[in-house]
Amino acid sequence: MTVFIIRRLLQALLVVVLMSVIVFFGVNIVGDPVYMLVSPDADQDDIAAAIARLGLDRPIWEQYLLFLKGALQGDLGNSFIFGEPALQLIMHHMPATMELAFTALMLAIVIGIPLGLYAGLYSESPLSKGIMAGSILGFSLPTFWVGLMLIMLFAVELGWVPATGRGDTATFLGIQSSLFTPDGLSHIFLPALNLALLKISLAIRLTRAGVREALGQDYVKYARAKGLTTRRIIFVHVMKNIMIPVVTVMGLEFGSLIGFSVVTETIFAWPGMGKLLIDAILQLDRPVVVAYLMIIVLFFIVINLIVDILYSLLDPRVRLQDQGA
Amino acid sequence: MKKMRAATAVAAGLLALSAGAVSAEKLTIGLASEPTAMDPHFHNLGPNNALTLHIFDRLVDQDERQRLMPGLAVSWEAVDDLTWEFKLREGVKFHDGSDFTADDVVCTIERAPNVPNSPSSFGTYLKGKTVEKIDDYTVHFKTAEPYPLMANDISTIRIISDETGCGATTEEFNSGTAAIGTGPFKFVSYTPGESIVVERNADYWGEAPVWSEVEFRPISSGPSRVAALLAGDVDMIAAVPTTDIATLEGKDEVQLSQGVSNRVIYLHMDQFRENSPFVKAMDGGDIKNPLMDVRVRKAISMAINRDAIVERVMEGVALPAGQLLPEGFFGVSDNLDVVAYDPEGAKALLAEAGYAEGFQMTIHGPNDRYINDARIAEAVAQMLTRVGIKTAVETMPRSVYFGRASRGADGDLPEFSFILVGWGAGSGEASSPLKSLIHTFDSDKGFGSSNRGRHSDPETDALIEEALRTVDDAKRQDLLAAATERAIDNAAIIPTHFQVNTWAAKAGLKYVARTDEYTLATGVVKE
């Protein structure tokens, strides 16, 4: 297990370094942030001063080395727009995104797995066919469109929940989150649902496929022959086996929920990292874009590592292999 | 500038009596762009400048048409060629109870150009000016040369407190400890990306606000902003997308407020390169840059159907433009009409200039900066193609566009041949576009910094420079008008239209539309 983790960490380091090169150069050769910052009233001297202040008069490799030097000391540069450290800015917006992604993941699990289980057990029933047809919609409809439709239906027409923004927050167990207030919950419902739709569909399909496959397996037949109740067969034996792919995929999808909540956050004016990123891209706030991408790279690496460890806990074969190696 | 004096003392007294009777009412406003700080000197940017006006006052105020009004200064006049005297308002208190005096002005003027990490400094407006305290309620601003626009420049600076503000960092303003002004509202909270809350300053020296508390919420996505209004999340939104205007007009529960802005959308043409990179002969070969010929530029202007752009592209929400600012602004000319749509005349003029066969070029423009910018560029290209100038369209995000349009070619020269741009006159008078767009590009004098066509006409330059030395208002008005007339006559740039801004509020509320595009809670009135 230790060897396994060390090997994983070394690979991760290599990925981080490579990504820093790709991200930094990719972001820094596009566009010109100076004209996004200076006032139109600025004269030539002001513009030249702004270029020098941002260090844009230096060659790009020199800018990269400066970035790398700062990054090793935990400084990913100052936001051009806010003048604050980019890392601090992102950390400030992270809780909102985390609670949104967490809620969406919970919705995906709570809604997706039972529906998938039902569709797998009774695959011929009309309800199952309805569930599967619905999951196709979940996959194929564009998020921004669904988001606007959700707003139009639940907020504008029915008036059940607010259309945009994050509600009141409260602190519980040292965590400040909008999940702990009724107002916050009413605000998070729509964006979380919007973000979760694709993941719900994914969970339905994965669970259904797993159940269908497991039902034909020898161990299920044996359990039946042994006289176990259907309930015990499904919830203990089948579920335990099909959870391996579901946990893996959902874990990885949590990364994408965090990383790609951009569209949902923009539509629902959710003050998270995704909204920060899209604003930073539009205004060419390069340090924020670079810092954000680096953080997302780290996220994926950490999540993969956790999934690997969970995987080995769920599946003894993985542990045995590692001990053999 | 004539001496200005306001009879606000009486008004303030009356309002002080009525202030106690104002009920508790909350207003929530959905903004399209979010301010980047609560520090009024951190970032010279529209959303910041609008928001900080709630908390802070300026010596010279601008009304909804950007006419100068007494603010924390009750009057100002040029006492000699190089000195402007500002008389300050007495009896004004900061939100922490301290008195407003000349010391606050002096320290503000010292701090404003020197905020660390400022993305866009207010130094632009304070260059070459020194401030001196004469007594507690009098200050002198001095310049090395006669300077008529002192009050306009000073109107960009928000006054902070000597005791709590001048030594404070931007973070201290954002957290609220230093966000103490004299303005109509007091700072309550600032949560980046989420909300900014201010509450009524019951002791305000001017007209006390109607609203007891105002919350600003940034909602950048246009459709979401409209939905937030319809769902009742917010009471008013700024920057209604033109595509939604017709739908909202039909709804009883929504009221629209519209007003022309100080922003002109115009075309700039390469007038400095013999071989312009994006202009070719019809057969694709190189030709001498036809845009250097004034007849060609005029033909382009005549070929553009401004009414069609306004009606079809802008859905009626714009005004056709014949000069740099809409009527009513200081320095506009009464003699200029919108150039009439005349495709036959344009063809004849092109033939006269030797381009009967036409030529090819590319129009470049941003696609996320001005209202419907990419579609305007497409419409212009079609209109020009119709008179024989085969025009291709290339649009790009503003983050890429402005850098290339300003200094994308070798030697930091403008890269494109024919571009669509806009200009908002922040000072609210005609010297702003004349100085930056029309005057010859001149780094030493700081003129022509946005002259991306590098138009250059010594006579126009002379008129502009003389206007910028002339303190007498009437004379300066004539000089600015004359410079504008000459620039339009030379087709230095081709204005197409003035942007009209739209705010939408729930029924019963109306917004007093502002030409500077600011969204101010003080402008939201009940009907």
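Quick notes on this one:
- Among the residues of region B:363-378, those that are surrounded by 19 or more Cβ atoms within 10 Å (Cβ to Cβ) and more than 19 Å from B:S220 (Cβ to Cβ) comprise B:I363, B:H364, B:G365, B:I376, B:A377.
- Segments classed as strands (runs of 3 or more DSSP E), wholly inside region B:345-451, with at least 2 members that are within 12 Å of chain A (Cβ to nearest Cβ) and in contact with a strand residue (DSSP E or B) (Cβ under 6 Å, 6 or more places away or on another chain): B:418-424
- Unique residue being crowded, with 17+ Cβ neighbours inside 10 Å, under 20 Å from B:I300 (Cα atoms), among the small types (G, A, S) and in contact with a His (Cβ under 7 Å, 6 or more places away or on another chain) when the list is B:A346, B:A321, B:A381: B:A321
- Test: residue in region A:36-43 that is touching a residue at least 60 places away in the same chain (Cβ under 8 Å), of a type in the set (G, A, S) and assigned to a loop (DSSP other than H, G, I, E, B): no
- Residues that are modelled with pLDDT of 90 or more and β-branched (V, I, T) within region A:283-304 comprise A:V288, A:V289, A:V290, listed in sequence order.
- Restricting attention to region B:96-138 and to residues that are among the small types (G, A, S), within 14 Å of chain A (Cβ to nearest Cβ) and not in a strand (DSSP E or B), the residue that is farthest from the chain's Cα centre (by Cα) turns out to be B:G128.
- Flag: B:T470 does not match the condition of being surrounded by fewer than 19 Cβ atoms within 10 Å (Cβ to Cβ), within 13 Å of chain A (Cβ to nearest Cβ), in a loop (DSSP other than H, G, I, E, B) and among the polar types (S, T, N, Q).
- Number of the exception - A:V307 against (1) part of a helix (DSSP H, G or I); (2) touching a Ser or Thr at 6+ places or on another chain (Cβ under 9 Å); (3) in contact (Cβ under 8 Å) with a residue 40 or more places away in the chain; (4) under 27 Å from A:H92 (Cβ atoms): (4)
- Residue check: A:M250 meets all listed conditions (1) within 14 Å of chain B (Cβ to nearest Cβ); (2) at pLDDT below 90 but one, namely (1).
- Filter result for B:P148 (within 30 Å of A:W270 (Cα to Cα), surrounded by 15 or more Cβ atoms within 10 Å (Cβ to Cβ) and of a type outside the set (G, A, S)): no
- Candidate set from region A:118-157 (those that are away from chain B (no Cβ under 13 Å) and of a type in the set (S, T, N, Q)); member that is nearest to A:V262 (Cα to Cα): A:S140
- Options A:T207, A:T181: the member that is touching a strand residue (DSSP E or B) at 6+ places or on another chain (Cβ under 6 Å) and either of a type outside the set (K, R) or at pLDDT below 90 (or both): A:T181
- Selection count, region A:78-99, where residues are buried (at least 21 other Cβ atoms within 10 Å of the Cβ) and either in contact with a Gly (Cβ under 8 Å, 6 or more places away or on another chain) or closer than 22 Å to A:F180 by Cα (or both): 6
- Members of region A:163-194 that are more than 9 Å from every other protein chain (Cβ to nearest Cβ), among the polar types (S, T, N, Q), surrounded by 18 or more Cβ atoms within 10 Å (Cβ to Cβ) and in contact (Cβ under 8 Å) with a residue 40 or more places away in the chain: A:S177, A:S178, A:N194
- Qualifying residue in region B:273-285 (condition: away from chain A (no Cβ under 14 Å), closer than 19 Å to B:L420 by Cα and buried (at least 21 other Cβ atoms within 10 Å of the Cβ)): yes
- Given (1) assigned to a helix (DSSP H, G or I); (2) over 18 Å from A:G272 (Cβ atoms); (3) of a type in the set (A, V, I, L, M, F, W, C), index of the condition A:L105 fails: (2)
- Of note, B:M292 satisfies the criterion of being over 23 Å from the mean Cα position of the chain (by Cα) and without any contact (Cβ under 8 Å) to a residue 40 or more places away in the chain.
- Being within 28 Å of B:R404 (Cβ to Cβ) and at pLDDT 95 or above is a property that B:A321 has.
- Within region B:169-228, tally of residues that are in a loop (DSSP other than H, G, I, E, B) and more than 14 Å from every other protein chain (Cβ to nearest Cβ): 21
- Here A:W160 meets each of (1) under 22 Å from the mean Cα position of the chain (by Cα); (2) within 14 Å of another protein chain (Cβ to nearest Cβ) with one exception, condition (1).
- Counting the residues of region A:259-282 that are modelled with pLDDT of 85 or more, assigned to a helix (DSSP H, G or I) and not polar (S, T, N, Q) gives 14.
- The set of residues in region B:331-344 being of a type in the set (D, E) and in a loop (DSSP other than H, G, I, E, B) consists of B:D334, B:D337, B:D342.
- In region A:142-154, the condition of being closer than 20 Å to A:L107 by Cβ, out of contact with any Pro (no Cβ under 9 Å at 6 or more places or on another chain) and crowded, with 19+ Cβ neighbours inside 10 Å is met by at least one residue.
- B:S224 meets the conditions (1) closer than 25 Å to A:A280 by Cα; (2) in contact (Cβ under 8 Å) with a residue 60 or more places away in the chain in every case but one. The failed one is (2).
- Checking each residue in region B:265-296 for being part of a loop (DSSP other than H, G, I, E, B) and not charged (D, E, K, R) picks out B:Q271, B:F272, B:N275, B:S276, B:P277, B:F278, B:M282, B:G284, B:G285, B:I287, B:N289.
- In region B:194-253, residue farthest from A:V146 (Cα to Cα) [restricted to those that are more than 26 Å from the chain's Cα centre (by Cα), surrounded by fewer than 18 Cβ atoms within 10 Å (Cβ to Cβ) and polar (S, T, N, Q)]: B:S212
- Within region B:229-261, being assigned to a strand (DSSP E or B) and either within 13 Å of chain A (Cβ to nearest Cβ) or free of Cβ contacts under 8 Å to residues at least 40 places away in the same chain (or both) holds for B:I237, B:V254.
- Inter-residue pairs, beta-carbon under 7 Å, first hydrophobic (A, V, I, L, M, F, W, C) and in region B:485-497, second assigned to a strand (DSSP E or B) and surrounded by fewer than 24 Cβ atoms within 10 Å (Cβ to Cβ), 6+ apart: B:I493/B:Y266; B:I494/B:Y266
- Flag set for A:Q44, criterion: within 12 Å of chain B (Cβ to nearest Cβ) and not aliphatic (A, V, I, L, M).
The values are calculated or read from the model by the stated rules, or taken from the named source; none is laboratory data. Since we're looking at a predicted model, the values are computed, not measured. Quick reminder, even Gly has a Cβ in these numbers, built from the backbone with ideal geometry, and neighbours come from all protein chains shown.
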